[in-house]
Amino acid sequence: MKFLSLYFFTGDGAQFIENSYKILGRSSVDILKTGGYKVSAVQVESTLMGHPDILDCSVVGLPDKTWGQKVSHGDASENVWFR
């Protein structure tokens with residue numbers, strides 16, 4: 001969350017329809033919803049980056065019928081890129 005000028009930026013999306021706003025929800029993709037929990041992709045990436053063999057990584061939420069989203073990642077080590 002941050003301030004832009006005098007306004008507070010929430011990251012929520014909205015549409016202006018017939019003189020009123022319809023709140024669409026978060027437009028941020030860094031929060032994954034899995035099994036009723038909200039998981040920070042940034043926090044998962046930071047944890048993975050703490051491993052000495054991982055040079056870079058990316059965390060995404062993949063659609064899942066049971067969990068809503070499945071937390072998944074691609075990583076790059078010294079010998080293998082995005083396994």
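The values are calculated or read from the model by the stated rules, or taken from the named source; none is laboratory data. Computed from a predicted model, the values in this text were never measured in an experiment. Quick reminder, even Gly has a Cβ in these numbers, built from the backbone with ideal geometry, and neighbours come from all protein chains shown.
Details
- Note on segment 50-79: among residues that are more than 22 Å from I31 (Cα to Cα) and of a type in the set (S, T, N, Q), the one that is surrounded by the most Cβ atoms within 10 Å (Cβ to Cβ) is S77.
- Residues (touching a residue at least 24 places away in the same chain (Cβ under 8 Å) and among the β-branched types (V, I, T)) located in segment 30-47: T34, V39, V44
- Cβ pairs under 9 Å, 6+ apart, first in segment 48-61 and touching a residue at least 40 places away in the same chain (Cβ under 8 Å) and closer than 10 Å to S77 by Cα, second surrounded by 13 or more Cβ atoms within 10 Å (Cβ to Cβ) and β-branched (V, I, T): none
- Selection over segment 16-51 of residues that are modelled with pLDDT of 85 or more and assigned to a strand (DSSP E or B) gives a count of 11.
- On the stretch given as segment 60-83, residues that are at pLDDT below 90 and of a type in the set (A, V, I, L, M) total 3.
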